[in-house]
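Bear in mind that the values in this text are calculations on the coordinates, not laboratory data. Because the structure is predicted, anything quoted here is derived from the model rather than measured. Backbone-built Cβ (ideal geometry, glycine too); neighbour counts: all protein chains shown.
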Amino acid sequence: MGIMTVKDLSKDGLKAEINGNSTFIFNISDMLLLKFWLDDKRKSLIEKNAVIKNLKSNYICSKFCFQNDYDKAFGFYLTI
């Protein structure tokens, strides 16, 4: 488990900055289980499976898998 800061978020995926203390080695096409909290009133926990599409320095760009999984809090968050 590592700590990340979400820098960009869309319905299709996210870009995250990985904490400099993390010692994980990632590769393009690796599968991830991402867990992050939204900054909405409820601090909603979002869990998404994703695949790494791009790596640069300590940034990961990933695409969510299983786009049919609808999360009400996540969908509402993206519309505001």
Checklist outcome for this item: So, over other residues within a Cβ distance under 14 Å of Ser29, counting Lys, Arg +1 and Asp, Glu -1, the net charge is +1
Checklist entry - For Met4, Met31, what ranking results if the residue with the fewest other Cβ atoms within 10 Å of its Cβ goes first? => result Met31, Met4
Checklist entry - If R0 is 25 Å, what FRET efficiency do you get for Ile3 and Asp71 from their C-beta distance, rounded to 0.05? => result 0.70
Checklist outcome for this item: Neighbours of Met4 by Cβ distance under 13 Å: Lys/Arg at +1, Asp/Glu at -1, summed charge +2
Checklist entry - Once you put a point 7 Å from the Cα of Phe26 and another 7 Å from the Cα of Ser57, both along the Cβ direction, what distance in nm separates them? => result 1.4
Checklist entry - In the structure shown, do any of Lys15/Lys41; Lys35/Lys63; Lys41/Lys63 have a Cα-Cα gap over 18 Å, and if so which? => result Lys15/Lys41; Lys41/Lys63
Checklist entry - If we restrict to alpha carbons, what Rg and Dmax does region 4-70 come to, in Å? => result 11.9, 34
